[in-house]
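Read-outs throughout are calculated quantities, based only on the coordinates presented, and are distinct from any laboratory measurement. What you are looking at is a predicted structure, and each value in this text was computed from that prediction instead of being measured. A quick note on method: Cβ atoms are made from the backbone with ideal geometry, for glycine too, and the neighbour counts reach across all protein chains shown.
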Amino acid sequence: MSKIIAANFKMHGDVDFYSSWLKKFELPKQNTVLFAPPYLYFDCFLKDERNLLVMSQDVSDEEIGPFTSQISAKMLNEIGVEFSLIGHSETRDKMGFTNKNVFQKFLSLRANRITPIICVGESKDYRDGGKHFGFLEEQLSFYKAESKTGLIFAYEPVWSIGTGILPKSSEIFEVVEFIKSYFDFKIKVLYGGSVNASNAKDLLRIKNLDGLLVGGASLKAEEFAMIAGS
Ligand code: 13P
């Protein structure tokens, strides 16, 4: 079945990097592939004649006004962005976004016809203390009463992001099941954290997992093409 495979380039690259990356990247047919470069490089992807799906790495929780540095969901929609990450742990940590802020971003994206991908995931302390389900439940609780269609979560345990430490497949499966059973309607769950071309196939075999969110390994076009074609 078709999966969602998303590249989060974070704050990497420049115009030359993205133009040569796109030349090297072969788009697989079987999966839905999303690309999240920094805002300044959206154009490289939007102009690509393969009709690539562009994803924002974040969005403002405000609609319009005196919010220096912010980009609104309406602006993203206007230029053709169709997806947006929200609540990535790096934005929660560095910018202090709360669950409430993230939910506000979600509402703004929805109102502007952009599909949100809501990042959730526990820190090492919560995992080691066996409190990860409680932590996740708090992050999920905002969406319980929300719209019944099209919710997508990305489970990204903070201890796995950029560390090369991959949870066991059984641990990922357990969380995917936990998130899916929390809602009484159908949702999708992706996994992110130290995904690469060597582990992508096995990860995609995890039952009920709907796709992958890839950080570091997306910077190599050939490697990301292999993951996207898994
Ligand atoms: P890495 O794949 O580099 O671990 O990053 C994961 C991530 O944060 C994707 O959003």
Wholly enclosed helices (runs of 4 or more DSSP H) of segment 131-223 bearing at least 1 residues in contact with a helix residue (DSSP H, G or I) (Cβ under 8 Å, 6 or more places away or on another chain) and away from the ligand (no atom under 16 Å from the Cβ): 132-141, 169-182
Considering only residues that are aliphatic (A, V, I, L, M), crowded, with 19+ Cβ neighbours inside 10 Å and in a helix (DSSP H, G or I), which ones fall in segment 84-114? 102, 109
Can you give me the ranges of the strands (runs of 3 or more DSSP E) entirely in segment 1-83 with at least 1 residues that are more than 16 Å from the ligand (Cβ to nearest atom) and touching a residue at least 40 places away in the same chain (Cβ under 8 Å)? 32-36
Restricting attention to segment 94-103, the residues that are in contact (Cβ under 8 Å) with a residue 24 or more places away in the chain and farther than 15 Å from residue 56 by Cβ number exactly 4
With the first residue restricted to segment 173-199 and required to be at positive phi, and the second required to be among the hydroxyl-bearing types (Ser, Thr, Tyr) and within 12 Å of the ligand (Cβ to nearest atom), Cβ contacts under 9 Å at 6 or more apart or on different chains are 193/155; 193/160; 193/163; 194/160; 194/163
